[in-house]
Amino acid sequence: TPESLQREQKCSTGVYRCRVRELLTKVLCLYSEGLDESFMARIRYALKNEDIHLVQEISVLHSSFEQAQDIFEDTAKIDLIIGCGGGKTLDVAKYVSFLRRIPYIALPTALSNDGFCSPQCSLDFKGKKRTLPAAMPYGVVVDTEVCLRAPKILWLSGIGDLVSKITAVQDWKLAFNIKGTQVDDFAALLSDATVFQLMAKPEHDLESMRLLATALMLNGIAMEICGSSRPASGSEHLISHALDRICKKPRLHGLQVGMATYLVSHLYGKGTERINRLFELTGFWDALRQDPFSRSDWQEAFLLAPKIKDDYYTILSQPEKTDQLCKLIHTALHLQEFFI
């Protein structure tokens, strides 16, 4: 009967929850150095209330392969890893989780990129950034009030990383048309659609934080669905990776990617005005006006970008397009205030 089925469902749900609690009782927490102590206190209190033992807390300052390796070797008998804080900490947490083959829970305190819910991480190895496979989160917990209190520039960085999905999907489809690269239509649609959620409400408030968190999380899921970074990363990310190699002090990932997305959209001849309007409304352009990019660094990055990934076809794989970008940042009047 419907009543008996309902009772059975409640029973099985309760058993499942008890079983999960039995399995995940020993926790390692990796947190960003300088994280608000009151936030950590809330985590300890919540775990204690569920009879979950917080075995160890480790502060993370740099997203280095060496520290991830040390944590992997020095920790044992852990059922679950919690990554709490910024992107560097979460990258280390999900890489250690990947190595140990145990669940990882993400607690981002800022929404500066989609890394908190993606199957990859970026770690420093011998002075250079490397993209490595990582564990998808077992769960994501976003406190929108905490994220709202983070510096606004981190929110702007998240917006820059989000809009990059526009050109990333265009590059993916271009690679299909030119090279026959397989496209997962559902992953492409999921990633592309997330951008428009935020465009409907670009204010810096709690609701916008919720929309941005959801959109960035869906980008990570899109990558997991198709087994590739293609839905979220294209020519604009290659330019950012090139800048990371060239610049003595690279900017926030999302700021670099956001500007690169805007420039690449000119090559495609679509999406430019929509991106410009979002950047005006959110204050993204204002942030760049206060601290312009180096024109020479960007010109060098355009030339290096197509060589970053082998067999990764984008619009920059066409040599004349890099020439167009170099000319654009030198001659377009509306861009001069963002470069020096």
Residues of region 221-254 being among the charged types (D, E, K, R) and either buried (at least 24 other Cβ atoms within 10 Å of the Cβ) or more than 14 Å from the chain's Cα centre (by Cα) (or both), in sequence order, are R230, E236, D244, R245, K248, K249, R251
All-but-one check, A188 against (1) modelled with pLDDT of 95 or more; (2) over 19 Å from N276 (Cα atoms); (3) buried (at least 22 other Cβ atoms within 10 Å of the Cβ), failing number (1)
The helices (runs of 4 or more DSSP H) lying entirely within region 249-306 that contain at least 2 residues which are closer than 20 Å to K327 by Cα and in contact with a Gly (Cβ under 6 Å, 6 or more places away or on another chain) are 253-268
Could you identify the single residue in T214, T144, T167 that is closer than 30 Å to I43 by Cα and modelled with pLDDT of 95 or more? T144
Among the residues of region 149-165, is any open to solvent by 10 Å² or more (accessible area, probe 1.4 Å), in contact (Cβ under 8 Å) with a residue 60 or more places away in the chain, touching a helix residue (DSSP H, G or I) at 6+ places or on another chain (Cβ under 7 Å) and not in a helix (DSSP H, G or I)? no
Among (1) buried (at least 24 other Cβ atoms within 10 Å of the Cβ); (2) under 19 Å from S112 (Cβ atoms), there is one condition V264 misses while meeting the rest; what is its number? (2)
Residue check for M259: open to solvent by 10 Å² or more (accessible area, probe 1.4 Å) and among the aliphatic types (A, V, I, L, M): no
What residue, of R130, R210, is over 24 Å from K309 (Cα atoms) and surrounded by fewer than 20 Cβ atoms within 10 Å (Cβ to Cβ)? R210
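Which one of these is open to solvent by 10 Å² or more (accessible area, probe 1.4 Å) and among the aliphatic types (A, V, I, L, M): L333, L316? Walk me through it before giving the result.
Values: L316 fails: open to solvent by 10 Å² or more (accessible area, probe 1.4 Å).
Sole residue among the options that is open to solvent by 10 Å² or more (accessible area, probe 1.4 Å) and among the aliphatic types (A, V, I, L, M): L333.
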Residue, surrounded by the most Cβ atoms within 10 Å (Cβ to Cβ), within region 77-101, restricted to residues that are farther than 26 Å from W155 by Cβ and out of contact with any helix residue (DSSP H, G or I) (no Cβ under 9 Å at 6 or more places or on another chain): S97
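What are the residues in region 103-116 that are open to solvent by 30 Å² or more (accessible area, probe 1.4 Å) and either out of contact with any Pro (no Cβ under 9 Å at 6 or more places or on another chain) or of a type in the set (D, E, K, R) (or both), if any? Walk me through how you get there before you give the answer.
Pass one, region 103-116, residues open to solvent by 30 Å² or more (accessible area, probe 1.4 Å): 103, 105, 113.
The answer is N113, and nothing else.
Let's see how each residue does on (1) in contact with an Asp or Glu (Cβ under 9 Å, 6 or more places away or on another chain); (2) at pLDDT 90 or above; (3) surrounded by fewer than 12 Cβ atoms within 10 Å (Cβ to Cβ); (4) not in a helix (DSSP H, G or I):
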site: C29; (1), (2), (3), (4): yes, yes, no, yes
site: L47; (1), (2), (3), (4): no, yes, no, no
site: L54; (1), (2), (3), (4): no, yes, no, yes
site: S59; (1), (2), (3), (4): yes, yes, no, yes
site: E66; (1), (2), (3), (4): yes, yes, no, no
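The values are calculated or read from the model by the stated rules, or taken from the named source; none is laboratory data. Just so it is clear, the model here is predicted, and its values are computed rather than measured. Every residue, glycine as well, gets a Cβ built from its backbone with ideal geometry; the counts of neighbours run over all protein chains shown. What goes into the accessible areas is simple: the full protein's heavy atoms, side chains included, and nothing from ligands, DNA or RNA. Shrake-Rupley method; radii C 1.70, N 1.55, O 1.52, S 1.80 Å.
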